[in-house]
1. Just how far, in whole angstrom, is region 233-276 from region 100-119 if you go by their alpha carbon centroids?
2. Could you work out how far helix 74-93 tilts from the main Cα principal axis of the chain, as a 0 to 90 degree angle to the nearest 10?
3. Could you line up 351, 202, 277, 161 from fewest to most neighbouring Cβ atoms inside 10 Å?
4. Normalised by the residues of region 8-108, what does the relative contact order come to in percent, with Cα pairs under 8 Å and at least six apart?
5. Averaging over every viewing direction, what projected area does the convex hull of the Cα atoms of region 8-108 cover, in nm²?
6. Looking at the chain as a GNM with Cα springs under 10 Å, which of 15, 190, 265 has the largest mean-square fluctuation?
7. Residue 134 to residue 287: FRET efficiency via 1/(1 + (r/R0)^6), r the Cβ-Cβ distance, R0 45 Å, to the nearest 0.05?
8. Among 285, 166, what is the fewest-to-most ranking by other Cβ atoms within 10 Å?
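Derivation of every value follows stated rules applied to the coordinates shown; laboratory data play no part. All figures in this text were calculated on a predicted structure; none of them were measured in a lab. With ideal geometry, Cβ positions are generated from the backbone for all residues, glycine too; neighbour counts draw on all protein chains shown.
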């Protein structure tokens, strides 16, 4: 199989996913409360076996899942993606004990995961994060003796206190655990960051929801000397940036797949509308300006899809060019989806702006992916950096 075609079995699976999303997931999504975790929806994703595939399938399968679900139910797509984003560091970098405790619950839809990287002053510039992980002296330090997490740690086990804030964290503050990135070595940039697995019930960890344009839950987290130990580290101390980038390199193409799914839904709605809408003595589709606009929407959507598939295939093949390809796929697909959804709204007219209309929903959903997991400007920076590095290596 190449990056430019799918096998019949893959196409059939995508069709099955779209049907499941429409028939079983859409009704649960409609019962959810915007801005809050829809645990019934997550549990259904688990019962369908889709959450388990997050950790047993490759990047291309992840992209096919996200595009197919997004086409019929963006809420289900987002719920699945956030489980993967928050728990992938545990799957890829966690200890046997961490994986055994959390991953079965994640895949069953019984535990909600979250990826806590962004901060008020360090969104796109993740290497500048300021959440502090300060070394704790242990039980002799006074307060540490009151905390089970520290008191239960074996002698000689490294201990830290997390102090600071995370912001714009999807699934916060309702997640059951967080993959948290904190600075363990001041002034070391990306090389002084450590990833921690932090259960939501740790003392000193509080959060609040944020009222955002996107309908899925997004919040801020406050860390007031939250205790963590070496048993909570994901990967190695001071190597957490590798955990973050390894996770984002996998999920960035699949953000593009999410965008492609929305673009395709908007395109199909536009085809149906312009083919059936009477205007100016004929059908809208008969106007050259409209037909050319629809052709442009289709062209860009297909180009984005192909780039997403190529990036995912490169990841699955362990291609060294993954960072550039992932950035390109995420950039092109999210910018394309914004264009296609906006054009679809324009061709539908005022009806597309009514609450409850598919395009009104997509218009709100499509904006955020151009920012999260690295804004479009960050993706351009990654692409340029990789290109110049290759040039210098010749």
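1. A separation of 18 Å, based on Cα centres.
2. In the chain, helix 74-93 runs at an angle near 40 degrees to the longest axis.
3. Going from least to most buried by this count: 351, 277, 202, 161.
4. Values: 84 pairs, mean separation 34.6, N = 101.
Worked out over region 8-108, it gives 34 percent.
5. 6.2 nm²
6. 15
7. On the way: r = 65 Å, r/R0 = 1.44.
For residue 134 and residue 287, the calculated efficiency is 0.10.
8. 285, 166
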